[in-house]
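Below you'll find the structure, written out as structure tokens, and then a few comments.
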Amino acid sequence: MRKGYRTWIAASSAVLAASLALTGCGSGGEQKTADGRTVVTFWQQKFEDYQQAWFKKQVDTFNTNQTKIKVDLQVVPADTWPQKLKAAQAAGKAPDIATTNYGNIPAAVANGELAELDGLLPTEAFDDIKDNVRSFVTINGKHYAYPMLVEPSTVLYYRTDLAEAAGLDPAKPPASWAELDTWAAKLTQGKVKGMTIASAAPDLGWSSWGLQYNACGHLPVADDWSKSVATEPCFERLLGLYKGLYQGGYMPKQPKVGYADGTPYGQGEVAMMAGGSWVVGQLKNEFPKMIEKTAVAPFPSVDGDPSRTTATLGGWTLTVDAKSKAKQDAAEFVAWLLAGEPAIMADFFKASGFSKYTVRTSVDEALASNADASADPFMKIISERVVPNGKAEPAYPWDISLAFGTAIESAMKGGSDAPAALRKADAAINDVIKKQSLAGTAPTR
Amino acid sequence: MALVQQPAGPAASTAAVPPVPPAPAGRRRRRVPAARQGRENLTAYLMIAPMVILLSIFVAWPLAYSVYLSTFKISFYQEPEFVGLDFYGYVLESAGFWHSIVVGLYYALLTVPTIMALSLLLATFIKSLSKRAAAFMKTTVYLPAVMSTVVTSVLFVFMYQDEGVANWLLGLLSQGPVNWLNDPHLALPAIAIPGIWLGFGISTLIMLAGLLDIPDSYYEQAQIDGAGWFTQLRHITIPLLKNVLLYLFVTGFTLAIQMLDLPLIMTGGGPVEATNTPNLYIFDSFRDLTPYATSFSLTAALLLFAVIGAISMVVFRLVRSDKAVDG
């Protein structure tokens, strides 16, 4: 019996030792190439095809002209990004450089994930960032990301030929939500729907931020994140906008793609589309014949006032991981790509079909001399009439945005009436605030 | 009419086993030498060791470590904060978690009984066919089981489109179009259809194997006694397939409540969370990049394990498995 007991003890110890060996976290060491260059890993979230080509071209150029750094570019699809990043962070193998959107910066900083870039990048690099964007990458006066671009989340695209055919004046696009509803009804003809806009909660969660500002002047959370304000009656009008378009039959009830994809408009299935500025690039690259029949305008406002916010200014930055063992080398690449020679980023905006907007004064100046940029009608309208009224994306946890998106979806699809949907969202948001101890933690920028 | 010897209950079993006569006083069993017994024990331990070690490494240790981790707010960049059982409270208070359990149960209710009924009918039909026709049918019904869930999901998404096959068929009857995947009341049943299609092939083959084990003499005797098809099903087939049915029910149920792929690809959990199954809910929680979400999803996964385990135990208690009775 004693022997059996000893056998079990020995076996258990061996199992435990093997388990510990298998589950132990190994920290990633600083990698070197055969010729002694430091390897810097760079995860780029997958965007439009031209962006992958542009990043690859720039990384190749950087690597060719380098003797001490080699950037290892990896493209990661958006739908696998969060789990892949989390798994890498858990294993201590997070990339040295990653694409990070503005909205994720405050939470990542609070969790200590991002390296402070002051000191790693030259001061003049930060001086070049436009004033309205600097706050997007700054927490308590320190920079944790270098911005690449901004892109308004919501712009109205419409078919001029179909508007004329329906007896509408293409030179006077809808300015208020009521007019939008009228246009959508008149443009719904046969198999062509009048409008497409987000209709699933995960898309509504972020694409409606600008319209939440438009309806109420603020998001459904108090400025200090102490409580939900989702039940304010002004939000009912927003839910009414979506509900009217959906239940009126003016938009596809089973959209084939998500909000970010302009394919249904490009293929002529809808006459109007709410979409981000990036759709300009998609139309130019994939549906060039649609360009001459398309006009853009600021998305209509609740009461027709064009000075109200209709879009948040989303966009992407490059960040350096706080645990990176090659922070300075990583920062050197970021500085070269995003904050260096203005021609590099000017080339990017040209490749995007001027569907995204620069965040640097020097790049603006470089683009001013570009005839294509100054002549682009879409860029002129978006940069002059949408971007100036745009606001930053919220920094609170995604669960809050998803709860509000679910409320809009519920009202659209008949799950509940607007007040009931908003009450449910209100409870869900307050629950997030309580459990994640958010009260008073809104970041100071 | 007792066509089949009914399995005996525990009391009957005890009575049926001939009692072991007590060892006569003063007579002792021959003792196995200690050294030999030790060798035998060691051999037995060595034989089960690989499985014990693998289970310990890949099941027991991760499970124990997960329970330990669930008492922390996990951060990969800062010192984890010990929070005790707080996250268990958060999950149990979460309306989303319980809603996902209800969705999972509803999905299981839609798929498991349908798969079992279809499989039983199909297996009975195949059993009645000639060898050649049965072989063809077995291959045919098994085909969906080798289809990728991803491919199936995409195919059904196309079929459910406004201009898809499902609405075209309804159009022939002057009905529709129906908003299959974007109506909160229809989305889960619409997803259950590919779920049933994917699952019934393997169930049919397992059930057919069980049916073929039932001696034909029972059915012949029943026919002589004048029993019809339904009576034979009730008094012969179902009692003798009890263990097979129990196996299919429990495995089908645990697989169904854990369904992830179909709602992930076809609806993303919507509309209005109508297809947000427990695993999809946990997966989406994990994808949130905050430390709160990491601990929450881990704890929710542990509680789902407990919920599924508890329901499976109840099923086993309600439907006891018995040894096969083959007359």
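Coordinate-derived values only; no laboratory data. A quick note: this is a predicted structure, and the numbers were derived from the prediction, not measured. A quick note on method: Cβ atoms are made from the backbone with ideal geometry, for glycine too, and the neighbour counts reach across all protein chains shown.
Nearest 20 debye, what's the magnitude of the dipole of the stretch A:388-445 about its Cα centre given +1 on Lys and Arg Cβ and -1 on Asp and Glu Cβ?
120 debye
Within the set of other residues whose C-beta is less than 11 Å from the C-beta of A:ALA339, count the net charge using Lys and Arg as +1 and Asp and Glu as -1. Before the final figure, lay out the partial values.
Numbers: positive: A:ARG360; negative: A:GLU124, A:ASP127, A:ASP128, A:GLU332, A:GLU341.
Cβ neighbours under 11 Å give a net charge of -4.
Place a point 7 Å from Cα of A:LYS130 in the direction of its Cβ. Which residues in the stretch A:362-384 have their backbone N less than 17 Å from it?
Only A:362-370, A:373-384 pass the distance filter.
Could you work out how much longer the chain between A:ASP169 and A:GLU269 gets when fully extended? Use 0.36 nm per residue separation minus the Cα distance between them, nm to one decimal.
34.0 nm
Arranged by the count of other C-beta atoms within 10 angstrom, fewest first, what order do A:VAL257, A:VAL155, B:VAL146 take? Can you show the working numbers first?
On the way: A:VAL257 12, A:VAL155 27, B:VAL146 9.
The order, fewest Cβ neighbours first, is B:VAL146, A:VAL257, A:VAL155.
Among rounded, prolate and oblate, which fits the stretch B:209-317 when a ≥ b ≥ c are the square roots of the eigenvalues of its C-alpha gyration tensor, a/c under 1.5 means rounded, and a/b larger than b/c means prolate?
It is prolate, given that a/c is not under 1.5 and a/b is the larger ratio.
So for the protein assembly as shown: antiparallel DSSP bridges make up what percent, rounded to the nearest 5?
Roughly 65 percent of the beta bridges in the protein assembly as shown run antiparallel, per DSSP.
Quick one: if you take sqrt(5λ) for each eigenvalue of the C-alpha gyration tensor of the stretch A:374-445, what semi-axes come out, biggest first, whole angstrom? Spell out each step's value before the answer.
Details: eigenvalues 202, 88, 12 Å².
One finds semi-axes of 32, 21, 8 Å for the stretch A:374-445.
What is the pair-distance distribution P(r) of the stretch A:255-345, computed from all Cα-Cα distances in 5 Å bins starting at 0, with each bin given as a whole percent?
In order of increasing distance, the bins hold 2, 10, 15, 14, 13, 13, 12, 10, 7, 4, 0 percent.
Taking every DSSP beta bridge with both residues inside chain A, roughly what % is antiparallel (nearest 5)?
Expressed as a percentage, antiparallel bridges in chain A total about 60.
I'd like the per residue volume of the convex hull spanned by the Cα atoms of the stretch A:135-243, given in cubic angstrom.
157 Å³
With the contact rule set at Cα under 8 Å and sequence spacing of 6 or more, what percent relative contact order holds for the stretch A:277-433?
Across the stretch A:277-433, relative contact order equals 27 percent.
Evaluate 2.2 N^0.38 Å with N set to the residue count of the stretch A:175-294, then give the Cα radius of gyration divided by it.
Details: Rg = 15.5 Å, N = 120, 2.2 N^0.38 = 13.6 Å.
Rounded to two decimals, the normalised Rg is 1.14.
Taking the Cα centre of the stretch A:122-180 as origin, work out the dipole magnitude from +1 charges on Lys and Arg Cβ and -1 charges on Asp and Glu Cβ, in debye rounded to 20.
Magnitude of the dipole: close to 220 debye.
What is the sum of charges, Lys and Arg at +1 and Asp and Glu at -1, for the other residues whose Cβ falls under 10 Å from the Cβ of A:SER277? The partial results should precede the final answer.
Details: positive: A:LYS356; negative: A:GLU151.
Residues close to A:SER277 contribute a combined charge of 0.
Work out the charge dipole of chain A with +1 on the Cβ of Lys and Arg and -1 on the Cβ of Asp and Glu about the Cα centre, then indicate which of A:ALA87, A:THR154, A:MET251 is farthest towards its positive end.
The residue sitting most towards the positive pole is A:ALA87.
Taking the C-alpha atoms of the stretch A:28-160, how large are the radius of gyration and the largest Cα-Cα span, Dmax, in Å?
In Å, with Rg to one decimal and Dmax whole: 16.8, 59.
Hey, could you get me the Stokes-Einstein D for the stretch B:91-190, Kirkwood radius over alpha-carbon pairs, 10 °C and 1.306 mPa s, rounded to whole µm² s⁻¹?
Working: Rh = 16.7 Å.
Value of D from the Cα-based Kirkwood radius: 95 µm²/s.
Pulled fully out, how much extra length does the chain show between B:ARG39 and B:TYR219, if you take 0.36 nm times their separation in residues and subtract their Cα-Cα distance? Working shown, then result.
Numbers: separation 180, 0.36 × 180 = 64.80 nm, distance 5.11 nm.
Roughly 59.7 nm would be gained on extension.
Normalising by the residue count of chain B, find the relative contact order in percent from Cα pairs under 8 Å and 6+ residues apart.
After rounding, I find 27 percent.
Output the Cα-based Rg and Dmax of the protein assembly as shown in Å, rounding Rg to one decimal and Dmax to a whole number.
Rg and Dmax of the protein assembly as shown, Cα atoms, are 32.0, 113 Å.
Work out, in µm²/s and without decimals, the Stokes-Einstein translational diffusion coefficient of chain A at 37 °C, 0.692 mPa s, Rh from Kirkwood over C-alpha pairs.
138 µm²/s
What value does chain B have for Rg/Rh, both radii from Cα atoms and Rh as Kirkwood defines it? All intermediate terms of the calculation are to be shown ahead of the outcome.
Working: Rg = 26.1 Å, Rh = 24.3 Å.
My calculation puts Rg/Rh at 1.07.
Cα-Cα pairs above 13 Å in the stretch A:346-389: how many percent? Walk me through the intermediate numbers first.
Numbers: 474 of 946 pairs.
Across the stretch A:346-389, Cα pairs with separations above 13 Å total 50 percent.
Among A:THR406, A:THR67, what is the fewest-to-most ranking by other Cβ atoms within 10 Å?
A:THR67, A:THR406
Can you give the local net charge around B:PRO263? Use residues other than it whose beta-carbon is closer than 11 angstrom to its beta-carbon, Lys and Arg +1, Asp and Glu -1.
-3
Over chain B, with a Gaussian network built from C-alpha contacts below 10 Å, which listed residue (B:ALA44, B:ALA227, B:ALA256) shows the highest mean-square fluctuation?
Fluctuation is largest for B:ALA44.
Where does helix A:49-64 land angle-wise versus the long Cα axis of chain A, in degrees 0 to 90, nearest 10?
40 degrees
Of A:LYS32/A:LYS327; A:LYS256/A:LYS391; A:LYS191/A:LYS253; A:LYS46/A:LYS284, which ones are farther than 21 Å apart at the Cα?
Flagged as over cut-off: A:LYS256/A:LYS391.
What are the aspartates and glutamates whose alpha-carbon lies under 15 Å from the alpha-carbon of B:LYS73, with same-chain residues fewer than 8 places away excluded?
Qualifying aspartates and glutamates at Cα under 15 Å: B:GLU81, B:ASP86, B:ASP288.
Please get the size of the charge dipole for chain B, origin at its Cα centre, with Cβ charges of +1 on Lys and Arg and -1 on Asp and Glu, quoted in debye to the nearest 20. Intermediate results must be reported in sequence, preceding the final value.
Working: 18 positive and 18 negative charges, 434 e Å.
I would put it at about 2080 debye.
Shape call for the stretch A:56-116 from the C-alpha gyration tensor, a ≥ b ≥ c root eigenvalues: rounded (a/c under 1.5), prolate (a/b greater than b/c) or oblate?
prolate
Ranking B:SER203, A:SER437, B:SER56, A:SER199 by Cβ neighbours within 10 Å, fewest first, what do you get?
Ranked by crowding around the Cβ, least crowded first: A:SER437, B:SER56, A:SER199, B:SER203.
As a check on your grasp of the helix formula, calculate [θ] at 222 nm for the protein assembly as shown: sum -39500 (n - 2.57) over DSSP H runs of n ≥ 4, divide by the residue count, round to the nearest 500.
-16000 deg cm²/dmol
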